[in-house]
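Below you'll find the structure, written out as structure tokens, and then a few comments.
The values are calculated or read from the model by the stated rules, or taken from the named source; none is laboratory data. What you are looking at is a predicted structure, and each value in this text was computed from that prediction instead of being measured. Note that we place each Cβ from the backbone using ideal geometry, even for glycine, and neighbour counts take in every protein chain shown. Note: accessible area is taken over every heavy atom of the protein model, side chains too, but ligands, DNA and RNA are not part of it. Shrake-Rupley method; radii C 1.70, N 1.55, O 1.52, S 1.80 Å.
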Amino acid sequence: DGLLLKVDDLHVEFRTRDGVAKAINGTSFTLSERETLAILGESGSGKSVTAQAIMGILDSPPAQITGGRIEYCGVDLLTMPEKKRRQIRGEHISMIFQDALSSLNPVFPVGWQIAEMFRIHRGMNRSDAMSEAIRLMERVHIPAAKERANNYPHQFSGGMRQRIMIAMAIALNPWVLIADEPTTALDVTVQAQIMTLLKELQEESGMGLILITHDLGVVADVADDIAVMYCGRFVEHADVHRLYDNPAHPYTVGLLDSIPRLDQKGTELYAIGGLPPSLTNLPSGCSFHPRCRWATPECRVGGAPAFIEVEPGRWAACHHTEEVLHRDR
Ligand code: SF4
Ligand code: MG
């Protein structure tokens, strides 16, 4: 399938009172049509910043992209003319956020808000735009869409509001949809329903999907690939089955062990002790070494371990991947 997005060696820094925070330190990945990539990490790992850099919604200053490329269909978004860039980011690449209530305008009916998209971007008249809005609400399975188009955001449940956000995000038929923790505020059943909806819309349109999450359980059933982020770097990237079955990076081992699993009852849990380091003062060597039970002196010196293909289709940044893959389980 066609390549949509190529992020290459992206670097983002923030100026803070404590100095320069290295939020993203050389992230690379691609996204093709019909592909779902999950970016997994703790809060502050750089996953939202990656999305914001792609969308061009980093606050600048204090945030600054200090290196790398973000190509959409082969053209670098960071250097293309502003007008073209704004069009791509509005129409071709779209994003949904965790908190639907604060993203929707409380004082306008939801149908009106969706219809505005068609009025502004497609030049439709009021009644055509409203028909499109209702059609879109039906497409995201909002019952009685025609009547509910007149309701205000607070009159919907959290799950229904997230469906409305999704409707707005896909209104202009984007090729890339980025969802940043889209279900975090919802209960488990509704989370699964929203994920199913996103997959269904992807099947209809062929769009590429980036799911940003701190919870592997939410994305395990829907993602093709998972990229695990720590301190602004990808530390492991593999297809979901392989990564879930046997992680190659100690940080991924820790993340998986912190999910209760039926198939590994009785094994000793490896909880990740400690906290992520400050981004203004990253440890030397591997950023994970203060928390890693496999760490050796080699891990504490020099730069970050290279992100290399440790087996076909699996990348990891760790000096001891072989031992991690063949650990006692
Ligand atoms: Fe742990 Fe060393 Fe691998 Fe870093 S490089 S994850 S410290 S074993
Ligand atoms: Mg976030």
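General remarks:
- Translational D in µm²/s for the stretch 229-325 (Stokes-Einstein at 37 °C, 0.692 mPa s, Kirkwood Rh from C-alpha pairs): 235 µm²/s
- Local electrostatic count, SER278, Cβ distance below 11 Å [Lys/Arg +1, Asp/Glu -1]: 0
- Cβ-defined net charge surrounding ARG122, 12 Å radius [Lys, Arg +1; Asp, Glu -1]: -3
- Principal-axis tilt of helix 158-170 within the chain, Cα atoms, nearest 10 degrees: 80 degrees
- Take the stretch 229-325 with all the other protein chains still there, run a 1.4 Å probe, and you get 50 Å² of accessible area per residue.
- The chain - mean residue ellipticity at 222 nm from DSSP helices (-39,500 (n - 2.57) per run, n ≥ 4, rounded to 500): -9000 deg cm²/dmol
- Among beta bridges that DSSP assigns inside the chain, antiparallel share in %, nearest 5: 65 percent
- Accessible surface of the chain, 1.4 Å probe, proportion on carbon and sulfur as whole %: 52 percent
- Hull volume per residue, based on the alpha-carbon atoms of the chain and their convex hull, is 146 Å³.
- Angle in degrees between helix 188-205 and the longest Cα principal axis of the chain, rounded to the nearest 10: 70 degrees
- Pairs of lysine residues in the chain - Cα separation under 22 Å, sequence separation of 8 or more or cross-chain: 7
- Cα long-axis angle, helix 126-139 against the chain (0 to 90 degrees, to the nearest 10): 50 degrees
- Most to least accessible of PHE14, PHE288 (protein chains only, probe 1.4 Å): PHE14, PHE288
- The stretch 165-219: radius of gyration and largest Cα-Cα distance (Dmax), Å: 10.9, 30
- Förster radius 22 Å - calculated FRET efficiency between SER32 and GLU311, Cβ distance, rounded to 0.05: 0.55
- TRP175 accessible area, assembled protein chains, probe 1.4 Å, Å²: 90 Å²
- GLY111 sits among other residues whose Cβ lies under 14 Å from its own Cβ, and their net charge, with Lys and Arg +1 and Asp and Glu -1, is +3.
- Phi-derived couplings, Karplus 6.51 cos²θ - 1.76 cosθ + 1.60 at θ = phi - 60°, listed residue by residue for the stretch 47-59: 6, 5, 4, 4, 5, 5, 5, 5, 7, x, 10, 5, 6 Hz, with x used for Gly and Pro.
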